[in-house]
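Participant: Could you have a look at this structure, given as structure tokens, before my questions?
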């Protein structure tokens, strides 16, 4: 995918979340145990926070502090276990906008540069868009195939 298509895909995910999830009552979103919509949005938010931080580290070369190594540890230290879906969506949106701002500031050569791991930023963003699609499929399924 080209840069513009990747960025458009990242924007589309947030729009889809707002259109399909934000308007629904919290009771519906919170039901379903670990596979409920709120939990899926929480995982999407956590993944975006980690991606945005990793991108920032890669672009600036400045390592971010580690807030914990457990799967349940907060990503940035500000997330609460009882955050509503609306709060999770807002946190996702803030992290996604940060990601988009960093990506828009990169030149074409920066998108293709690889690091020690061998993956370019373009390849990492492609992987992020694929992750988004899988998560949105699960969210739509949890909403009843909408």
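The values are calculated or read from the model by the stated rules, or taken from the named source; none is laboratory data. This one's a predicted model, so the numbers in the text were calculated from it and none came from an experiment. Every residue, glycine as well, gets a Cβ built from its backbone with ideal geometry; the counts of neighbours run over all protein chains shown.
Participant: With the requirement that a residue be free of Cβ contacts under 8 Å to residues at least 12 places away in the same chain and in contact with a helix residue (DSSP H, G or I) (Cβ under 8 Å, 6 or more places away or on another chain), what does the range 120-132 give you?
Facilitator: Step one: of the range 120-132, the residues free of Cβ contacts under 8 Å to residues at least 12 places away in the same chain are 120, 123, 127, 130.
Correct list: 120 only.
Participant: For residue 7, all conditions in the list (1) within 30 Å of residue 111 (Cβ to Cβ); (2) in a helix (DSSP H, G or I); (3) at pLDDT below 90 hold save one; what is the number of the exception?
Facilitator: In the conditions (1) within 30 Å of residue 111 (Cβ to Cβ); (2) in a helix (DSSP H, G or I); (3) at pLDDT below 90, residue 7 misses (3) alone.
Participant: Okay, next question. Residues in the range 103-119 that are without any contact (Cβ under 8 Å) to a residue 24 or more places away in the chain, in a helix (DSSP H, G or I) and exposed (fewer than 11 other Cβ atoms within 10 Å of the Cβ): how many?
Facilitator: Number of matching residues: 1.
Participant: Condition test on residue 52, is it surrounded by 12 or more Cβ atoms within 10 Å (Cβ to Cβ), at pLDDT 90 or above and either at positive phi or within 14 Å of the chain's Cα centre (by Cα) (or both)?
Facilitator: So residue 52 passes the test.
Participant: If you go through the range 82-102 one residue at a time, do you hit one that is at pLDDT 90 or above, closer than 15 Å to residue 44 by Cα and exposed (fewer than 13 other Cβ atoms within 10 Å of the Cβ)?
Facilitator: Checked against the condition, which is being at pLDDT 90 or above, closer than 15 Å to residue 44 by Cα and exposed (fewer than 13 other Cβ atoms within 10 Å of the Cβ), the range 82-102 yields no hits at all.
Participant: Which residues, taken from the range 10-58, are more than 21 Å from residue 120 (Cβ to Cβ), part of a helix (DSSP H, G or I) and without any contact (Cβ under 8 Å) to a residue 40 or more places away in the chain?
Facilitator: Step one: filter the range 10-58 for residues more than 21 Å from residue 120 (Cβ to Cβ), giving 12, 14-46, 49.
Then drop every residue that is not part of a helix (DSSP H, G or I), which leaves 12, 14-22, 26-30, 33-35, 37-46, 49.
Once the filter is applied, which keeps residues that are more than 21 Å from residue 120 (Cβ to Cβ), part of a helix (DSSP H, G or I) and without any contact (Cβ under 8 Å) to a residue 40 or more places away in the chain, the range 10-58 yields 12, 15, 19, 27, 28, 33, 34, 39, 46.
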